[in-house]
Amino acid sequence: MSRYSAFALLRNWLNGNTDWDPVWRSPEPANNYDVIIIGAGGHGLATAYHLAKYYKLGRIAVLDKGWLGGGNTGRNTTIVRSDYFYKESADFYDHSLHLYAGLSKELNFNIMYSARGILNLAHSRHEVDFQRRIVNAMRLNGIDAELLGRDEVFKFCPILNADPNARFPIYGAMRQKRGGTVRHDAVAWGYARAADALGVDILQNTEVTGFRRDPNGSLLGVETCRGFIGARKVGIATAGHSSVVAQMAGFRLPVTSYGLQAFVSEPVKPVLNTVIGSAVIGSYCSQSDKGGIVCGGGIDPFPSFAQRGSAAIMEKVLAGIIQLVPTFSSLRLLRQWSGIVDYTADSSPIIDRSPVQGIYLNVGWGGGGFKAIPAGGEAFAHLIAKDEPHPLAKAFVLQRFRDGALIDEAAAAGIEH
């Protein structure tokens, strides 16, 4: 794999940009692999990269029914953070945030990590008291959360609505300085490039249509639109469609899929220096490196696999954003999209063996999948390679739904997830 550098940019510019190597190959499927990962999003590609680099597995394929990064990795609001309430989640997401900070160097691919901070705004004295409790819990878990007073909030982010008579006046905020944004496409492209260089076959437009098992129930491989592909180990990392793939394998997952919509405005000059959000209003936004204001809110209020937006959600989210930053009312909306996210009963993921031997699960991320990609890939590769949970993922097993040992992070998103 050729290294990207300033000299490489200059050399290729002088050559008319005709000497760039393809970022990844488009191979034909082999008959058999050691491991197949279903889903060429961030988690699937990161898992393949870790399996190839750190566990030295030689025959790995990543299958996707569409193009790589075309699912939730390319359909989110690019926010990364680790301000979770419970220690199991805090440890896992904080590890992911640390990995994100060094990922550009690890992959030799600029993922545009921007630690611009996350502000969760409080609109009443009671909400400030609640945030104080959350911040204290996070600090006990080693997370660098802090509570800002009203004046500190407007000093840090002067564009916010400072009117004390506003419908939702701002009393303070909870902040994580290391939180911020990452270029979502670059994460998929960087992992794909690095995995391909290690020999991983990335098979786009290769839809899995079923699983083949022998009479004893042991896994033989997967049926695809390009024919049968053998493998003794198969990982499912298909985000909002994990229940569909699990059904093909003959078992049910405790997940429900919902649409999660996002919006981006026309580009403007830099005006928003952090990520802002409000649990009461149910909206959040940041400014992309291209200048657009990227906005999001809660999930659609009904289960669905439809990747399309709706006027009702758009109105709700944008009305909330304008409450926080009234000057944004003059912006024109450029795009609207929806990703499908799969939620568990406790809004925490499942990284575990499935009921079928040889099939492994990386599912149930809800709205937190993008921020967990580096740690999710590392933990899933560990599970597949060693057949035992990663130390940071021991709590995220299926058994917790039988034992009642839930890790209820429903409030961790800061909005109604």
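The values are calculated or read from the model by the stated rules, or taken from the named source; none is laboratory data. Just so we're clear, the structure is a prediction, and the values are computed from it rather than from any experiment. With ideal geometry, Cβ positions are generated from the backbone for all residues, glycine too; neighbour counts draw on all protein chains shown. For the accessible areas, the whole protein counts, side chains as well, though only heavy atoms, and no ligand, DNA or RNA atoms are used. Shrake-Rupley method; radii C 1.70, N 1.55, O 1.52, S 1.80 Å.
Is it fair to say Ala195 is in contact (Cβ under 8 Å) with a residue 40 or more places away in the chain, touching a His at 6+ places or on another chain (Cβ under 6 Å) and crowded, with 21+ Cβ neighbours inside 10 Å?
Taking the combined requirement at face value, the residue does not satisfy it.
What number of residues within the stretch 237-260 satisfy the criterion of being part of a loop (DSSP other than H, G, I, E, B) and either closer than 20 Å to Gly66 by Cβ or in contact with a Ser or Thr (Cβ under 9 Å, 6 or more places away or on another chain) (or both)?
Matching residues across the stretch 237-260 total 7.
Taking Gln323, is it in a helix (DSSP H, G or I), touching a residue at least 12 places away in the same chain (Cβ under 8 Å), crowded, with 16+ Cβ neighbours inside 10 Å and outside the structural domain of Pro391 (by the TED database)?
yes
Counting only residues that are of a type in the set (Gly, Ala, Ser) and in a loop (DSSP other than H, G, I, E, B), how many does the stretch 286-307 have?
Residues flagged as of a type in the set (Gly, Ala, Ser) and in a loop (DSSP other than H, G, I, E, B) within the stretch 286-307 amount to 5.
A quick yes/no check of all residues on (1) more than 23 Å from Leu260 (Cα to Cα); (2) polar (S, T, N, Q); (3) in a helix (DSSP H, G or I); (4) at pLDDT 95 or above:
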{"site": "His98", "(1), (2), (3), (4)": "yes, no, yes, yes"}
{"site": "Glu106", "(1), (2), (3), (4)": "yes, no, yes, yes"}
{"site": "Phe130", "(1), (2), (3), (4)": "yes, no, yes, no"}
{"site": "Ala137", "(1), (2), (3), (4)": "yes, no, yes, no"}
{"site": "Gly142", "(1), (2), (3), (4)": "yes, no, no, no"}
{"site": "Asp151", "(1), (2), (3), (4)": "yes, no, yes, yes"}
{"site": "Asn161", "(1), (2), (3), (4)": "yes, yes, no, yes"}
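Search the stretch 395-417 for residues being closer than 26 Å to Cys285 by Cβ and surrounded by 18 or more Cβ atoms within 10 Å (Cβ to Cβ), and hand back the single one that is modelled with the highest pLDDT.
Glu409
How about the stretch 154-176: which of its residues are touching an Asp or Glu at 6+ places or on another chain (Cβ under 6 Å) and of a type in the set (Lys, Arg)?
Result: Arg175, single match.
Which condition number does Ile313 fail, the rest of (1) open to solvent by less than 60 Å² (accessible area, probe 1.4 Å); (2) not in a helix (DSSP H, G or I) being met?
(2)
Going by what's in this entry, would Arg150 be described as within 18 Å of Leu272 (Cα to Cα), buried (at least 23 other Cβ atoms within 10 Å of the Cβ), not hydrophobic (A, V, I, L, M, F, W, C) and not assigned by the TED database to the domain that holds Leu406?
no
What tally of residues in the stretch 167-178 results from selecting those that are in contact with a Gly (Cβ under 6 Å, 6 or more places away or on another chain) and surrounded by fewer than 23 Cβ atoms within 10 Å (Cβ to Cβ)?
1
Residue pairs, Cβ under 7 Å, 6 or more apart or interchain, first in the stretch 354-369 and of a type in the set (S, T, N, Q) and in a strand (DSSP E or B), second modelled with pLDDT of 95 or more and open to solvent by 10 Å² or more (accessible area, probe 1.4 Å). List them.
Asn362/His43; Asn362/Ala237
With the requirement that a residue be touching a Leu at 6+ places or on another chain (Cβ under 9 Å) and either among the small types (Gly, Ala, Ser) or outside any strand (DSSP E or B) (or both), what does the stretch 199-224 give you?
If the condition is that a residue be touching a Leu at 6+ places or on another chain (Cβ under 9 Å) and either among the small types (Gly, Ala, Ser) or outside any strand (DSSP E or B) (or both), then Val200, Gln204, Thr206, Glu207, Asp214 are the ones that fit.
Name the single residue that is surrounded by the most Cβ atoms within 10 Å (Cβ to Cβ) among those in the stretch 255-307 being of a type in the set (Phe, Trp, Tyr) and under 20 Å from the mean Cα position of the chain (by Cα).
Tyr284
Residue pairs, Cβ under 6 Å, 6 or more apart or interchain, first in the stretch 170-182 and outside any loop (DSSP other than H, G, I, E, B), second charged (D, E, K, R). List them.
Close Cβ pairs (under 6 Å, with a partner that is charged (D, E, K, R)) amount to Gly172/Arg150; Arg175/Glu146; Gln176/Arg81; Gln176/Asp83; Gly180/Arg116.
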